[in-house]
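*Asks:* Pasting a structure below so you can have a look.
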Amino acid sequence: MTREDICKRIWANERKKDDFWESLQKVLPERTRASLYKHVRRSYHIFKQRGKWTPADDAKLAELASQMEGQWKLIGQELCRMPEDCRDRWRNYVKCGDQRKQHKWTFQEEEKLRSVVHRSLSEQRLIYPHAEPIINWTLVSEWMGGTRSRIQCRYKWNKILKRETNARARTIDTETKSWMLSRLKMIYEKDGKDEIDWDTLASIHEDNSWTGPELKKCFEKMASTVEDYKNKSFVEIVDILNDSL
């Protein structure tokens, strides 16, 4: 197939009953259908515009988003851009308008972000009690009063989690470290793998005081103290750390 043939196939309005996507998935079985679909559409797009947005582009996008709310395919056609590009530009940058702050987050903003994220998670748990809650960043941005975009909120929240994980990991006591290392050794001897499910490991700790990321960070910090640790195997590092406690 030529590039033109591929473009016609993936951007056709009618649904073709062929094995195009099935064939791709057979070649790349480790990829989901959704990820293949998105990658191929981005690689073989038919739109004139990609990349940088000008202020005029943003203004036109804001106008169209107001007139055709959620109709990203039509908006993309108007702007000669991929629908996904228009959607992401709108919700990540343009939606908040002039009220979007770009300076450093204040303590008060961080506290408000914590509050609205916890509210979002609580509502998710009520609606889907048996599923892992997913933070709705668009809603979080709205609850922040539109002063921070969804992408700003998401990045900041990840920074907060990382900072708190690092701080708590430093407080893990020697007894827990010893328990963790013995469990890691048992897991390695049983499965022969050094890929650890840290959340599962944390869930079987009797106190259930630590999260998976906190235990992982603690181990990584301990491992970095082992001489020439980058050239040692996982089990060698575990043994050395066990002996040092």
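*Asks:* Using the Karplus equation 6.51 cos²θ - 1.76 cosθ + 1.60 (θ = phi - 60°), what ³J(HN,Hα) coupling, rounded to whole Hz, does each residue of region 208-213 give in order, writing x for Gly and Pro?
*Replies:* After applying 6.51 cos²θ - 1.76 cosθ + 1.60, I find 6, 8, 10, 8, x, x Hz.
*Asks:* Based only on other Cβ atoms within 10 Å, what is the fewest-to-most ordering of Val226, Val117?
*Replies:* Val226, Val117
*Asks:* Among Gln124, Ser224, Thr176, whose Cα sits farthest toward the positive end of the charge dipole of the chain (+1 at Cβ of Lys/Arg, -1 at Cβ of Asp/Glu, about the Cα centre)?
*Replies:* The Cα lying farthest towards the positive end belongs to Gln124.
*Asks:* To continue, here is another question. Which ³J(HN,Hα) values, rounded to whole Hz and listed in residue order, are derived for region 137-142 from phi using the Karplus coefficients 6.51, -1.76 and 1.60 in 6.51 cos²θ - 1.76 cosθ + 1.60 with θ = phi - 60°, glycine and proline given as x?
*Replies:* So the J values, rounded to whole Hz, are 5, 5, 5, 4, 4, 5.
*Asks:* Convert each backbone phi in region 106-116 into a coupling constant with the Karplus relation 6.51 cos²θ - 1.76 cosθ + 1.60 (shift: θ = phi - 60°), then list the ³J(HN,Hα) values in order as whole Hz, x for Gly and Pro.
*Replies:* Rounded to whole hertz, the list is 8, 4, 5, 5, 4, 5, 5, 4, 4, 4, 6.
*Asks:* Between region 172-245 and region 128-163, what is the separation of their alpha carbon centroids in Å?
*Replies:* 30 Å
*Asks:* Report, to two decimal places, the Cα Rg of the chain normalised by 2.2 N^0.38 Å (N = number of residues).
*Replies:* 1.36
*Asks:* Please go through the residue pairs Lys104/Lys216; Lys156/Lys217; Lys95/Lys221 and name each one whose alpha carbons sit more than 31 Å apart in this structure.
*Replies:* Lys95/Lys221
*Asks:* Determine the dipole magnitude for the chain: charges of +1 sit on the beta-carbon of Lys and Arg, -1 on that of Asp and Glu, nothing else is charged, the reference point is the Cα centre, and the result goes in debye to the nearest 20.
*Replies:* Roughly 1280 debye, rounded to the nearest 20.
*Asks:* May I ask for the Kirkwood hydrodynamic radius of region 70-209, worked out over all distinct Cα pairs and given in angstroms to one decimal?
*Replies:* Every distinct Cα pair counted, the radius reaches 18.6 Å.
Laboratory data are not the source of any read-out in this text; all were calculated from the coordinates shown. Note that this is a predicted model, so its numbers are computed, not measured. Ideal geometry is used to build each Cβ from the backbone, glycine not excepted, and the neighbour counts take in all protein chains shown.
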